[in-house]
Amino acid sequence: MSKPKLYGICDSRALRSIWMMEELGIDYEHIPVNFMEESKAPEYLEVNPNGRIPALVDGDVVMCESMAINLYLAKKYGKDLYPTDPATEAKAWQWSVWAISEIEPLQMQIVVQKVFIPEEKRNQKVIDRASKGLIRPFKVLNDVLAKHDFLLGAQFTVADLNLSSVMLLIESMQFDFTDFPNIQAWMKRCYDRPSLAKAQAKNK
């Protein structure tokens, strides 16, 4: 049986799934497709007609979307990374969806202004509004993490990997987490994992 193939580069949303592969410790083939011209090439569009990264080919399974890829990989290969009971499994889905619905849209507004727009053309109002918008979900997350070290309890799972991988961007924007000490501690626990360092070293 052929080993799984993961398409994408670490300087993109594909990092989430590269991190998952490294966390799982399975033998996989990493194919560094970028999110510009390479993701629009005909041969890649046969894998993912959306023309976006990441994408996964695992035997007969061909899929895209980083959250879905990670949930699939964790369930198939992850052992302790994936919950076994339906209620906790649903919580893992919940936090994965929450990451891309509550956090990612607002943080991307900040990233666009700070990374892709020249400083003299930045709209500080956009940054301030998005930063203010993140306070509500971060309060929710901070309260949850007051009860245990990780999202689903005492153990790191796919839920933590999915959410913290999304939040890598806002953390890199030097967002002030002073008022959210539980989030700060949780991020350190997640980001200190050797598997993340291995994922971030890909293509460098």
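Please treat every number below as a calculation from the coordinates, not as lab data. Everything numeric in this text was worked out from a predicted model, so none of it was measured. Methodologically, a virtual Cβ is constructed for each residue, glycine included, from the backbone with ideal geometry; neighbour enumeration extends over all protein chains shown.
Quick check: from the Cα gyration tensor, does the chain come out rounded (a/c under 1.5), prolate or oblate? It is oblate, given that a/c is not under 1.5 and a/b is not larger than b/c. Taking 23 Å as the limit for the C-alpha separation, the pairs K5/K40; K5/K91; K3/K188; K76/K198 exceed it in the case of K5/K91; K3/K188. Taking the average, over residues, of other Cβ atoms within 10 Å as the packing measure, peptides 141-147, 180-186, 158-164 rank 158-164, 180-186, 141-147 from highest down. Only helices reaching 20 angstrom along their own axis (Cα) with mean Kyte-Doolittle hydropathy no lower than 0.0 count here, and for the DSSP H runs of the chain these are 158-172.
Across the chain, the relative contact order, built from alpha-carbon pairs under 8 Å that are at least six residues apart, equals 25 percent.
Calculate for the chain the 222 nm mean residue ellipticity that helices alone would give, adding -39,500 (n - 2.57) per DSSP H run of length 4 or more and normalising by residue count, nearest 500 deg cm²/dmol. Don't skip to the end; give the middle numbers.
On the way: 9 runs with 102 residues, N = 204.
Taken over the chain, the calculation gives -15500 deg cm²/dmol.
Each label point was placed 7 Å from the Cα along the Cα-to-Cβ direction; for K188 and N50 their separation is 3.5 nm.
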